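Below is one structure, written out as structure tokens, with a few remarks after it.
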Amino acid sequence: HGEIAGPLNDRQREQIGRISESAWHLLDLINEILSLSRIEAGKEEIRLEEVDVSALVQDTVALMEPQAARKSLGVRVRVAATPLRIHTDPGKVRQILLNLLSNAVKFTDAGEIEIAAAAESTEKVMIIVRDTGIGIQPNSIPTIFEPFEQIDQSPTRERGGTGLGLPVLRRSLSSV
């Protein structure tokens, strides 16, 4: 909001902020639909390279910290002090982490989010995201990975979203 055409008052800044958030939301929606389409069409490219998962987790958390801070949520990262290297597609792993962390922030009203990464073997890394949010009822688990499905589908639901984050995540996991 560079105020190129002149100074803005507080109400104008607030409106511009809402417009900006809406634009980012639309961009996220478009990217999720495109990702799902590419995955389902078998056109999703995988670019394998050596990746330091510890650094990737820390970098991704840094992107989400402002959203968590706006809700006064603590964020705790537990990763190895030394590089945790595997061959994978860093872009896909980052997108998976962003989806998980975004959901954690969205569905957590108080408390904290924790993300941990540890080696399971020389070829596998386990990444765990925990939060103090509302959780998922066991009977809802089968449906949350279906496109456009959401636990709360009422017109008065409190939290937004498209119902594409977890389906994209699940399909991406099968490719990396």
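Against the definition (more than 21 Å from Val125 (Cα to Cα), among the small types (Gly, Ala, Ser) and touching a residue at least 12 places away in the same chain (Cβ under 8 Å)), how does Ala80 come out, yes or no? Answer is no for this residue. Consider Leu100 carefully, then state whether it is touching a residue at least 40 places away in the same chain (Cβ under 8 Å) and either open to solvent by less than 40 Å² (accessible area, probe 1.4 Å) or more than 24 Å from Glu21 (Cα to Cα) (or both). Judged against the criteria, Leu100 is not a match. Within the stretch 10-25, the residues that satisfy the criterion of being open to solvent by less than 80 Å² (accessible area, probe 1.4 Å) and either modelled with pLDDT under 80 or not in a helix (DSSP H, G or I) (or both) are Gly17, Ser20, Ser22, Ala23.
Name the single residue, out of those in the stretch 103-119 being more than 16 Å from Ala69 (Cβ to Cβ) and either assigned to a loop (DSSP other than H, G, I, E, B) or of a type outside the set (A, V, I, L, M) (or both), that is least open to solvent (accessible area, probe 1.4 Å). Across the stretch 103-119, the extreme among qualifying residues is Asn103.
The values are calculated or read from the model by the stated rules, or taken from the named source; none is laboratory data. None of these values were measured; they are calculated from a predicted model. Glycine gets a Cβ as well: all are built from the backbone with ideal geometry, and neighbour counts include every protein chain shown. Each accessible area value is taken on the protein alone, full model and side chains, heavy atoms only, with ligands, DNA and RNA left out. Shrake-Rupley method; radii C 1.70, N 1.55, O 1.52, S 1.80 Å.
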